[in-house]
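**Student:** One structure, pasted below without further comment.
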2 protein chains.
Amino acid sequence: MSTVDKQLEDVKATIDEEVPRRISVSDVTYEGPELVIYTRDPKEFAANSDLVRRLASKLRKRITVRPDPDVLAPPAEAEEAIRELIPEEAGVMDLDFHADTGEVVVQAQKPGVVIGRRGSTLREITQEVGWTPEVVRTPPIESSTVENVRNFLKQEREDRRDILERVGRQIHREPMSDDEYVRITTLGCCREVGRAAFILSTPDTRILIDCGNKPGANGEQPYLDIPEAFGAGTNGIDAVVLTHAHLDHSALVPLLFEYGYDGPIYCTEPTRDLMGLLTLDHLDTAADDGRTPPYDSEMVREAIKHTIPLEYGDVTDIAPDIKLTLHNAGHILGSSVCHFHVGDGLYNVAFSGDIHYDDTRLFDGAVNDFPRVETLVLESTYGGRNDYQTDQEDSERKLKQIIQNAYDRNGKVLIPTFAVGRSQELMLVLEEAMRNGDIPEMPVHLDGMIWEATAVHTTYPEYLRDGLQDRIFDEDKNPFLADRFNPIDGDDEEREEIADGDSCIILSTSGMLTGGPVMSWLDQLGPDPDSTLTFVDYQAEGTLGKRIQRGIDEVPVSGSGRNEKVPLEMTVETVDGFSGHADRQGLENFVKTMNPRPEKILCVHGDESATQDLSSSLYHDQNIRTFAPENLETFRFR
Amino acid sequence: MSTVDKQLEDVKATIDEEVPRRISVSDVTYEGPELVIYTRDPKEFAANSDLVRRLASKLRKRITVRPDPDVLAPPAEAEEAIRELIPEEAGVMDLDFHADTGEVVVQAQKPGVVIGRRGSTLREITQEVGWTPEVVRTPPIESSTVENVRNFLKQEREDRRDILERVGRQIHREPMSDDEYVRITTLGCCREVGRAAFILSTPDTRILIDCGNKPGANGEQPYLDIPEAFGAGTNGIDAVVLTHAHLDHSALVPLLFEYGYDGPIYCTEPTRDLMGLLTLDHLDTAADDGRTPPYDSEMVREAIKHTIPLEYGDVTDIAPDIKLTLHNAGHILGSSVCHFHVGDGLYNVAFSGDIHYDDTRLFDGAVNDFPRVETLVLESTYGGRNDYQTDQEDSERKLKQIIQNAYDRNGKVLIPTFAVGRSQELMLVLEEAMRNGDIPEMPVHLDGMIWEATAVHTTYPEYLRDGLQDRIFDEDKNPFLADRFNPIDGDDEEREEIADGDSCIILSTSGMLTGGPVMSWLDQLGPDPDSTLTFVDYQAEGTLGKRIQRGIDEVPVSGSGRNEKVPLEMTVETVDGFSGHADRQGLENFVKTMNPRPEKILCVHGDESATQDLSSSLYHDQNIRTFAPENLETFRFR
């Protein structure tokens, strides 16, 4: 008998002791990090809501109860009963019955209403029909990304169960080694921005944290070929954890499957969907530029199929000796500070990923409160001694003035921006400014992937800031659905009409003018001295955006077979303070107010001087042992 | 065509250009790090001594010229001619003809005389008979170790050629990677003494430096199971380099072959032989103690078969991007400071191994002069702030006084000591003291492996200090052959007779009274208040030696079925200053006078406080960037 099976026997014995005789337990298995209990009496389990909580706390596992298939009401009959039980205002759109697991997926406009107070409606459903309901939101804005992911996962349900079962057995295997150590190996993003990738290793387990590319530096991948990473073969990695979906953290996750990786990816649900959106777009961009993409879309689907979504705060076994908890990082939708608890109280490491310390319109500031943490791996993007940003209020005031000025000249405002994160923050600023009458009402056109990314945001309002969440949840005043927002559907005629029309605001990708529909806008509006080009994002060296900031007066516009230049007569403005990253002050505050205070900090994900500045100042000002690692180093903590 | 074959083609083309038409070149191959040129005109090559030198410098390779088998004089005829050519005083004992390589192994008492001025006699031999002579010394003291190794290698000649050819092709393969990095991973002996093991890695190559055990801590092996070591499979290691033969550096080298390692081991010839002696004894000890030995003697033979001996100062390609040079380390016979030149001028690292900075009676002090070196990995055994040892002259005076006192009481002096290194140093002290009349003439009995280890020393006088070498070479006044030295052949009757007899000195293993014949001596002499037990070696915590130093008055003596205690009435003395390690002053001087001055130093191979003290003081006093690594860390240098 394998160690997993033996351990399951013990678990079963405990369950048998705890569960009253009249409630049957027909089987107990692992699915990913969860323990699944099959029963012929699902209604009894539902009626004893305390029972599952007690088992979970006793076994220290996440528990799912599933009905035996043959005790279920027939789907047609069940559907009728379920629709009767759920209040109409929930907006139930679709019911999807899965006899293999006894689950029914309920898609609704208001999942909260379906769930009921503390899950009361869900329990009622199970008591009535036996099926276990799982609720998903009908996106308030139709999102092809979310729909594609859901359809794909539905179609791959069987494969996915196999994967989850395999992962479950791996997570719950017995530790093999008598040694004890905790190590971090740096594979990328040390003394540089981009290609984030780390390995957290113990004698039994190796976890890959992030696997990004380096934007603007073609082919710069993390060092995956060394023995500590995939040099030892892909089955040497037990799990991948993804902090967030930006390409410098996620772009090469699908490539792992090309290399033969076959294990789980842990991240939030929105990170999974945005990773799908951004990596597929990454492949398109590569193809458009005539580069060979590093993998094909099949690998993106593999990545999605292997993703085990976690919610903030869930403490999850991801290996025999490692528990993972994700916390809000405040950077983009679904972004996480990843906390690893190693061994039974042996050691705790938090990887910040990218963070924003202060609250923004979209997100609460990053969580820095943990039960325990000895080592923090901290991003340093704005860690330089002068990297203090303008206060967001001042930035907003400046942006509104720019818009007012352009409007007064009957001009237009073109804002190049990243699809995920910054665009939605700006939409909130603009929506409020117009609602309050701070700036005149005018259309806000959204070009590129912005609208799609916004749709993903509205699918997961739980990840947005409380106030914003409420507006979406309860008041039906979803600011993203404001009339003034107009998604462009990739039609050049529409763009020409807009360019010839009245004052308006245009948000368009790419954020650094390295391609995308913004190039077409530049072609149309470049020669118009009444319009204003406004930068709100960081412009990297070598990009057209950076060159325009430096003052070039004509811009190359290639497209539709042309390869010419247009004069740049637009006013050019830059507004900082909208960054998704904590500035120097934010990083210092994150550490200063962190609870508990970490013993060691590795400063990563920043250029050479930003990293060294931050490392040295945290050491001197806060007296914490800090390091500014190089790529390819290994630190031992225990 | 493989890259090696292609590169060989280029080498052949160069050789064809340089060698005059009248001299044939029938084949060119690699054997280990050497380039072997086969010719039908060996006599011509021998006559043009400049030619090989010119080729070596042009090709930057070590070159061996071998005759085609069919141009060789028949062995019987050749033997007669050779014996005629070599002066009689050389003491030729044996000629061994190997038709496959055209080599004749000449065993002689005085190899120098066989070789002649600058190799003139060797060239004469080849010119006369075609055969290539290789000269080995007939040990002045018969050594079963040396004889066994030589016989074994003779018997395994064919296997060995296969190994060398394979290794040769691996060394001369083209580098694969575009990356450039130099890393050191610590597998053992960090903040501890024992289980020395490091990995030096580049994108193309991984070298394991040392692979020892931790004496006194059963089962404490270096971390070989991590991916950076053998976790990635044994073919991930390209070569093993052994600094010296002590078990804390060598004990697990044979185990590597048990794990499937099949590559070369680079070390000096005496290190190879002593490794054979010590690891086989290690297996015997384990078996005697009822422990399961970690490998069997077959693996020791594998290790010996895979050893490629290097001489001090030879610059040798051991990988496409790494050149190794060994230098005298002054610690024990054949011990080396290992200098690695990585890439074409990319980086240089020196591993000190164990060193003695000052000259001793046996050895010159450690070499610290290199063409280039950026990083030094430095032992720290006596790196603690108070680890200053007594001057050797004072120590010798004290030892002589102890002997005189015992003699005056008609007692005996029992000195527990390590077989390799310290014993020979003491023999030189005692021989001189008696020769000079500083102490009375008396027998010096040598028990355990001491005599055998001494025999190995006399086989390789080139590795001993110049003055001592001369005494062995030219004056035939080999101090080790002095009449007063009496090897015990393991006979308990002889021991009893000696114990009952007149004053004498007994050197016996083990050095820390953890077993071995010294226990029998303790049994006999323990109750004799006229005799003196004298410690000259470091006594580790937990050993009987340490407990006696602390003052216990009876000692357990198990053996011949008894398990009892004898009272300890002997006088107990301790004399330091005979250590094979540099003391704190020596380590500081090694760094201070090092040329060039290193940029970084990793302090290793010392207990926690010794390592940290040394690291901190080198940083403060000499302003060099120093580290006190933990095991299992990885440092990147380039």
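**Student:** Using amide H atoms built 1.01 Å from N in the peptide plane, name the residues 5+ places from B:V557, or on other chains, whose amide H lies under 5 Å from its own.
**Tutor:** Amide H to amide H, under 5 Å and 5 or more residues apart or across chains, B:V557 pairs with B:E564, B:K565, B:V566.
**Student:** What is the set of long-range amide H partners of A:E573 at a cut-off below 5 Å, with H atoms built 1.01 Å from backbone N?
**Tutor:** A:L533, A:T534, A:F535
**Student:** Specify which residue in the list B:P69, B:L35, B:N48 is farthest towards the positive end of the charge dipole of segment B:3-70, using unit charges on the beta carbon of Lys, Arg (+1) and Asp, Glu (-1), about the Cα centre.
**Tutor:** Of the listed residues, the answer is B:N48.
**Student:** For B:F635, A:F198, which order do you get if you count the other beta carbons within 10 Å of each Cβ and list the fewest first?
**Tutor:** Ordered by Cβ neighbours within 10 Å, fewest first: B:F635, A:F198.
**Student:** Full extension from B:R638 to B:K592: what is 0.36 nm times the residue separation minus their Cα-Cα distance, to one decimal in nm?
**Tutor:** The B:R638-B:K592 span can extend by a further 14.1 nm.
**Student:** Another one. Could you put A:W521, B:W131 in order, starting from the residue whose Cβ has the fewest other Cβ atoms within 10 Å?
**Tutor:** A:W521, B:W131
**Student:** Once the Cα atoms of helix B:75-85 and of chain B are each reduced to a long axis, what angle between those two axes, in degrees from 0 to 90 to the nearest 10, is obtained?
**Tutor:** It is inclined by approximately 70 degrees.
**Student:** Choose one of B:I265, B:S616, A:V555: the residue whose Cα lies farthest towards the positive end of the charge dipole of the protein assembly as shown (beta-carbon charges +1 Lys, Arg; -1 Asp, Glu; about the Cα centre).
**Tutor:** B:S616
**Student:** Using only atoms on other chains, find how many Cβ atoms lie within 10 Å of each Cβ of peptide B:221-234 and report the average.
**Tutor:** Rounded to a whole number, the mean comes out at 4.
**Student:** Follow-up question, since we're still on this one. Picking from B:S26, A:T574, A:I15, whose Cα lies most toward the positive end of the charge dipole for the protein assembly as shown (charges on Cβ: Lys, Arg +1; Asp, Glu -1)?
**Tutor:** A:T574
**Student:** For A:I226, what residues show an amide H to amide H distance below 5 Å, using hydrogens built from the backbone and excluding near sequence neighbours?
**Tutor:** A:G231
**Student:** While we're looking at this one, here's another question. Just from its helices, what would the mean residue ellipticity at 222 nm be for the protein assembly as shown, if runs of 4 or more DSSP H residues each count -39500 (n - 2.57) and the sum is divided by every residue, rounded to the nearest 500 deg cm²/dmol?
**Tutor:** -10500 deg cm²/dmol
**Student:** Mind pulling the angle between the C-alpha long axis of helix B:120-129 and the longest principal axis of chain B? Nearest 10 degrees, somewhere in 0 to 90.
**Tutor:** 50
**Student:** Enumerate the residues in segment A:269-298 having an amide nitrogen under 18 Å from the point lying 7 Å beyond the Cα of A:K154 toward its Cβ.
**Tutor:** Flagged as within label range: A:273.
**Student:** Could you work out Rg/(2.2 N^0.38 Å) for segment A:3-70, with Rg from alpha carbons only?
**Tutor:** Rg over 2.2 N^0.38 Å, computed on Cα atoms: 1.02.
**Student:** Okay, next question. With θ set to phi - 60°, apply the Karplus curve 6.51 cos²θ - 1.76 cosθ + 1.60 along segment B:482-492 and write out the HN-Hα couplings as whole Hz, x wherever there is a Gly or Pro.
**Tutor:** 4, 4, 5, 7, 10, x, 7, 9, x, 9, 5
**Student:** Let's test the formula: R0 of 51 Å, r as the Cβ-Cβ distance of A:T390 and A:S144. What FRET efficiency results, to the nearest 0.05?
**Tutor:** Step by step, r from the Cβ atoms, then E = 0.90.
**Student:** I'd like the Kirkwood hydrodynamic radius of segment B:175-302, using the inverse of the mean 1/r over distinct C-alpha pairs, in Å.
**Tutor:** About 14.9 Å for segment B:175-302.
**Student:** For a Förster distance of 56 Å, can you work out the FRET efficiency between the beta-carbons of B:K58 and B:A286, rounded to the nearest 0.05?
**Tutor:** It comes to 0.65.
**Student:** Under a point-charge model restricted to the Cβ atoms of Lys and Arg (+1) and Asp and Glu (-1), what is the dipole moment magnitude of segment B:1-124 relative to its Cα centre, in debye to the nearest 20?
**Tutor:** In debye, rounded to 20, segment B:1-124 gives about 760.
**Student:** Given R₀ = 30 Å, FRET efficiency for B:R484-B:Q109 by Cβ-Cβ distance, to 0.05?
**Tutor:** Efficiency, from the Cβ-Cβ distance: 0.85.
**Student:** Another question, if that's okay. What does DSSP give for the protein assembly as shown in terms of the percent of beta bridges that are antiparallel, rounded to the nearest 5?
**Tutor:** 50
**Student:** Based on Cβ point charges of +1 for Lys and Arg and -1 for Asp and Glu, what charge dipole magnitude is obtained for chain B about its Cα centre, in debye rounded to the nearest 20?
**Tutor:** 1960
**Student:** For segment A:72-138, what size does the Cα cloud have along each of its three principal axes, sorted from largest down, in whole Å?
**Tutor:** Reported extents, whole Å, longest axis first: 26, 20, 18.
**Student:** When averaged across all projection directions, what area in nm² does the alpha-carbon convex hull of segment B:389-518 cover?
**Tutor:** 8.4
**Student:** Which lysines have a Cα lying under 23 Å from the Cα of A:K58, excluding residues fewer than 8 positions away in the same chain?
**Tutor:** Result set, ordered by chain and number: A:K6, A:K12, A:K43, A:K323.
**Student:** Now, a different point. Per residue of segment B:270-278, what does 6.51 cos²θ - 1.76 cosθ + 1.60 with θ = phi - 60° give for ³J(HN,Hα)? Whole Hz please, x for Gly and Pro, Karplus curve as stated.
**Tutor:** Once rounded to whole Hz, the list reads x, 4, 4, 5, 5, 4, x, 4, 6.
**Student:** While we're on this one: Kindly express, to the nearest 10 degrees and within the range 0 to 90, the angle between helix A:608-622's C-alpha long axis and the longest C-alpha principal axis of chain A.
**Tutor:** Computed tilt is about 60 degrees.
**Student:** Now a separate question. May I have the convex hull volume per residue, in Å³, for the Cα set of the protein assembly as shown?
**Tutor:** Once divided by residue count, the hull of the protein assembly as shown is 215 Å³.
**Student:** Could you put B:M299, B:M93 in order, starting from the residue whose Cβ has the fewest other Cβ atoms within 10 Å?
**Tutor:** B:M93, B:M299
Each value in this text was obtained by applying a stated rule to the coordinates, not by laboratory testing. In this text, all values refer to a predicted model and were calculated from it rather than measured experimentally. Every residue, glycine as well, gets a Cβ built from its backbone with ideal geometry; the counts of neighbours run over all protein chains shown.
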